[in-house]
1. Using a basic spin-label model with each label point 7 Å from the Cα along Cα→Cβ, how many nm lie between Thr274 and Tyr46?
2. If neighbour count is taken as other Cβ atoms inside 10 Å, put Ser275, Ser352, Ser132, Ser405 in order from fewest to most.
3. Determine the distance separating the Cα centre of the range 333-365 from the Cα centre of the range 198-233; give it in Å without decimals.
4. Among the GluC sites (Glu not before Pro) in the range 60-95, which ones are in a DSSP loop with at most 16 other Cβ atoms within 10 Å of the Cβ? Mind listing them?
5. What base-10 log of the normalised intensity I(q)/I(0) is obtained for the range 2-44 from the Debye formula, alpha carbons as equal point scatterers, at q = 0.17, 0.29 Å⁻¹?
6. Could you work out which residue, out of Gly122, Gly311, Gly204, moves most in a Gaussian network model of the chain, that is, has the largest mean-square fluctuation with Cα springs under 10 Å?
7. Let's test the formula: R0 of 25 Å, r as the Cβ-Cβ distance of Ser405 and Tyr146. What FRET efficiency results, to the nearest 0.05?
8. Give me the one-decimal nm value for the distance between modelled label points at Glu180 and Ser395, 7 Å along each residue's Cα-to-Cβ direction.
Amino acid sequence: MKITGYECVELTGTLEGYDDPQSFYEERLAIPLDVYEEFRTVGAEYLMGSDDVMTPYVTDEEIRITQTYLVLRTDEGLEGVAGPIDREWAGLVAPIAEFLLGRDALATAKLWDLMYRHEVHGRRGKTMKAISVIDCALWDLKGKYYDEPVYRLLGGPTRTEIPAYASMLGYSVEPEDVRERAQEMKEAGYRAQKWFFRHGPGSGTEGLQRNVELAETARDAVGEGYDLMFDCWMSWDRPYAERAIRKLEAYDPRWIEEPVHPDKLDQLADLRATSPIPIAGGEHEYTRWGIHQLLQRDALDVIQADTCWAGGITELQRICTLASVHDVPVIPHGHSVSANLHLTAAQSPTVSPMLEYLVKWNEGFQFFLEDPPVPEDGTLSLDDRPGLGIVVDESTVEERTVVHSSDE
Ligand SMILES: [Mg+2]
């Protein structure tokens with residue numbers, strides 16, 4: 001089966017259900033730029049996107065969803081689908097997909113190697129994200145060719161239900177809201193949840209106290225014996241993290257995530273060596289080589305490589321193998337639950353024990369999907385759809401534009 005063409009198709013639709021569209025995102029997470037006041041004072045609008053990225057584009061009147069899906073076409077008439085991605089990302093996918101035209105679509109390991117060797121300046125970051133999405137589309141294609149879900153082709157399922165943790169990006173971190181939502185998620189059946197700190201070193205002692213208050217409130221809401229995690233999204237530094245961890249220890253977090261910038265490997269390893277709270281990270285690291293450095297340095301307790309960013313399903317399998325040698329679990333970052341689900345379902349429960357489910361984010365992110373993976377009672381169930389099960393629900397699509405294609 002040969003790859004004969006590709007399309008990056010941009011879909012637009014309207015997310016209903018919010019009387020006040022501006023209330024979609026209530027709060028944002030801390031970002032590395034927050035050391036500067038001009039960024040620190042920007043609120044939840046930071047997450048509201050624009051019309052060319054896939055985060056919801058929120059105006060006073062409506063919530064517009066614009067996302068791009070990659071479609072790989074073959075001489076057998078089968079199509080491999082992956083995504084969603086945004087417009088810029090699609091622009092990086094197109095020339096790499098072009099490079100694969102005429103090649104054997106089922107030879108996923110060879111195609112990965114070809115893409116990697118071809119993109120010598122793109123070993124990390126955005127180009128690797130483009131390679132990742134193409135790899136996911138190739139696995140979708142392979143699943144359709146063999147009429148099997150991808151997790152079967154990968155050697156699974158190792159179980160039919162996978163625990164998901166509620167990831168609370170975008171929700172208010174005001175104490176009364178945290179209390180209510182944390183209890184709500186627990187009652188919905190999630191056995192773990194993650195909250196996002198809003199403050200970093202730029203907000204000083206007052207901000208630190210608000211971060212601690214978030215942990216205190218969440219713990220008080222869910223009680224003891226329940227997993228709570230907290231994400232710093234690369235926005236702290238070592239002294240701040242050490243100070244925060246001393247205060248946060250009392251609330252027994254299961255992990256603290258990305259306390260420092262991904263390039264600060266030494267600081268991360270030092271923190272992990274001294275922190276009584278486990279350290280998670282790796283969502284902004286790429287390929288087996290990037291993750292290997294983290295593992296060699298004993299820098300993390302949990303690896304969070306993202307299937308759609310770090311190299312696709314082909315590379316994430318290798319990352320899982322590497323991490324298993326170190327007894328460090330892989331709990332993939334939640335860009336695409338569809339892709340992560342198939343990967344994790346084919347790994348030992350000790351190697352990949354659970355998945356991230358971004359509760360608010362996925363209202364927009366999975367907007368165009370027919371039967372998207374949504375946890376019930378805190379678990380994601382496998383289905384038998386061939387490939388990755390990424391199927392667009394046409395009733396949600398208002399506009400469709402081919403932004404790149406092999407026909408150009
Ligand atoms: Mg994170």
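1. Placing both labels 7 Å beyond Cα along the Cβ direction yields 2.6 nm.
2. Ser405, Ser275, Ser352, Ser132
3. So the separation of the two Cα centres works out to 24 Å.
4. Answer in residue order: Glu61, Glu62, Glu76.
5. For the range 2-44 at q = 0.17, 0.29 Å⁻¹, log10 I(q)/I(0) is -0.73, -1.01.
6. Judging by the Gaussian network model, the answer is Gly204.
7. Result of the calculation: an efficiency of 0.40.
8. Rounded to a tenth, the inter-label distance reads 3.0 nm.
Every read-out reported here was derived from the displayed coordinates using simple, explicitly stated rules and does not represent laboratory data. As the structure is a computational prediction, the values presented were derived from the model and not from experiment. All Cβ positions, glycine included, derive from the backbone under ideal geometry; neighbour counts span all protein chains shown.
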